[in-house]
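Participant: This is the structure, below, for whatever I ask next.
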Amino acid sequence: MIGAEVTFDVPIPKVIWGWLVSTNMWAKSIATGSFFLGLYFINKYPEQDRFFRKWLPILGLIFIGITLLVTILDLHHMFRFWKIFVHPHFTSAVTLGAWVVSGFVIILLIAFWSWLTGKRKLFDKVMIPGFILAFFATIYTAGIMGQATAREVWVFPAEMISMLLSALLAGSAAYLVIDAIFNHPLKEEIRKELSYILFGSAGLMAAMFIGELVFAKMHSEFAHKVIQILAFGEVAIFFWIGMFLAFIVPMIFVGIYTQKKDYKYALYGSLSALVGLWFIKHAWLIAPQSLPLS
């Protein structure tokens, strides 16, 4: 029949986006966050940019590689992923995201080659395009979630801000971990600034989630039910572990670090933030899918 349209008229009885998608968002936050902060510190502290010119592409390639791997594994027909490039539909955030992430990978490869060969000007030429691609690689998942119908807690503007904050939290934590592992090559001034970025992004993200808990009921009954599942239902363990490890623990340890000047507290807070970020993203992804759509 010409013009026929297939629709679902029954609720989907299972979670469609699971831990692979959670890992996608978590790894992407580390990859793009390390890129954002790497560019910032390369330009602000050129006397110590060797550290960031090295670790920006290494962290980026490792974690964007994880992002791409879990994305392909999550596809129902994983060996058809190439069709998104030869038969693209640019009205879909999925298609746009695939193209943006592919461009971001090319920028990371250029950055890695620039560091490997010592050709600094090569990477300098692609910094601005790299920043733009990293920005859209960070937020495109917010577009996918925003396009999901009947998921009233997944609102694009809020998700975009949350993902940008996730990138800052993950990027600062990743650099602090690398700094600790390799016997603190960074200046104290840079380490402090990374700690402040970690503290600030953790505090703002905590405020966003607390706001959802408090004000969801005013938005809609559906949103209120999602928050009940998030805070007291089957994903509550993931949510509260995430809140504690991603936000509370890093803020406490950063505070101790700035008072005692003991580097190990910055490391502990960073590791906690990276682990907790996965838990909070997983809980936020699963909770809305736990309610039927009809």
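Participant: Among the residues of the stretch 190-204, are any of a type in the set (A, V, I, L, M, F, W, C), assigned to a helix (DSSP H, G or I), over 14 Å from the mean Cα position of the chain (by Cα) and over 25 Å from ILE107 (Cβ atoms)?
Facilitator: Yes.
Participant: Only one residue in MET145, MET160 is buried (at least 21 other Cβ atoms within 10 Å of the Cβ) and free of Cβ contacts under 8 Å to residues at least 60 places away in the same chain, so which one is that?
Facilitator: After ruling out the rest, the residue left standing is MET145.
Participant: Hey, another quick one. Got a number for residues in the stretch 168-188 being assigned to a helix (DSSP H, G or I) and either farther than 15 Å from PHE41 by Cβ or touching a helix residue (DSSP H, G or I) at 6+ places or on another chain (Cβ under 8 Å) (or both)?
Facilitator: So in the stretch 168-188, the residues assigned to a helix (DSSP H, G or I) come out as 168-181, 188.
Add one more test, that the residue is either farther than 15 Å from PHE41 by Cβ or touching a helix residue (DSSP H, G or I) at 6+ places or on another chain (Cβ under 8 Å) (or both), and what stays is 168-181.
Of the residues in the stretch 168-188, 14 are assigned to a helix (DSSP H, G or I) and either farther than 15 Å from PHE41 by Cβ or touching a helix residue (DSSP H, G or I) at 6+ places or on another chain (Cβ under 8 Å) (or both).
Participant: Further question: Determine which single condition PHE222 fails, assuming it passes every other condition in (1) touching an Asp or Glu at 6+ places or on another chain (Cβ under 7 Å); (2) crowded, with 22+ Cβ neighbours inside 10 Å.
Facilitator: Tallying (1) touching an Asp or Glu at 6+ places or on another chain (Cβ under 7 Å); (2) crowded, with 22+ Cβ neighbours inside 10 Å, PHE222 fails exactly one: (2).
Participant: Could you list, in sequence order, all residues of the stretch 146-167 that are part of a helix (DSSP H, G or I) and either at pLDDT below 80 or of a type in the set (Phe, Trp, Tyr) (or both)? Even if it seems obvious, please write down each step before you answer.
Facilitator: Pass one, the stretch 146-167, residues part of a helix (DSSP H, G or I): 146-147, 156-167.
Residues satisfying the conditions are GLY146, GLN147, PHE156.
Participant: Let me ask something else. Do we find that GLU221 is of a type in the set (Asp, Glu) and either touching a residue at least 40 places away in the same chain (Cβ under 8 Å) or within 21 Å of ASN24 (Cβ to Cβ) (or both) in this structure?
Facilitator: No, not satisfied.
For (1) at pLDDT 95 or above; (2) farther than 16 Å from PHE35 by Cα; (3) assigned to a helix (DSSP H, G or I), each residue gets a yes or a no:
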residue: ASP49; (1), (2), (3): no, no, yes
residue: PRO88; (1), (2), (3): no, yes, no
residue: ILE110; (1), (2), (3): yes, no, yes
residue: THR141; (1), (2), (3): no, yes, yes
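Participant: Count, please, the residues in the stretch 230-257 that happen to be assigned to a helix (DSSP H, G or I), modelled with pLDDT under 90 and surrounded by fewer than 17 Cβ atoms within 10 Å (Cβ to Cβ).
Facilitator: Number satisfying all stated conditions: 1.
Participant: Would you check if PHE279 is out of contact with any Asp or Glu (no Cβ under 9 Å at 6 or more places or on another chain), of a type outside the set (D, E, K, R) and over 13 Å from MET25 (Cα atoms)? I'd like the intermediate steps shown before the answer.
Facilitator: Numbers: out of contact with any Asp or Glu (no Cβ under 9 Å at 6 or more places or on another chain): yes; of a type outside the set (D, E, K, R): yes; over 13 Å from MET25 (Cα atoms): no.
So PHE279 fails the test.
Participant: Oh, and also: Here are the criteria: (1) at pLDDT 95 or above; (2) under 21 Å from MET25 (Cβ atoms). Tell me which single one ALA287 does not satisfy.
Facilitator: Unmet condition: (1).
Participant: In this structure, is VAL226 modelled with pLDDT under 90, in contact with a Pro (Cβ under 6 Å, 6 or more places away or on another chain) and not basic (Lys, Arg)? Step through it out loud before you land on a result.
Facilitator: Numbers: modelled with pLDDT under 90: yes; in contact with a Pro (Cβ under 6 Å, 6 or more places away or on another chain): yes; not basic (Lys, Arg): yes.
Criteria met by VAL226.
Participant: For the list (1) more than 12 Å from PHE104 (Cβ to Cβ); (2) within 18 Å of the chain's Cα centre (by Cα); (3) touching a residue at least 12 places away in the same chain (Cβ under 8 Å), I need the number of the one condition that LEU69 fails.
Facilitator: In the conditions (1) more than 12 Å from PHE104 (Cβ to Cβ); (2) within 18 Å of the chain's Cα centre (by Cα); (3) touching a residue at least 12 places away in the same chain (Cβ under 8 Å), LEU69 misses (3) alone.
The values are calculated or read from the model by the stated rules, or taken from the named source; none is laboratory data. Every value quoted in this text rests on a predicted model; they were computed, and no experiment measured them. Here the Cβ is made from the backbone with ideal geometry for all residues, glycine too, and neighbour counts use every protein chain on show.
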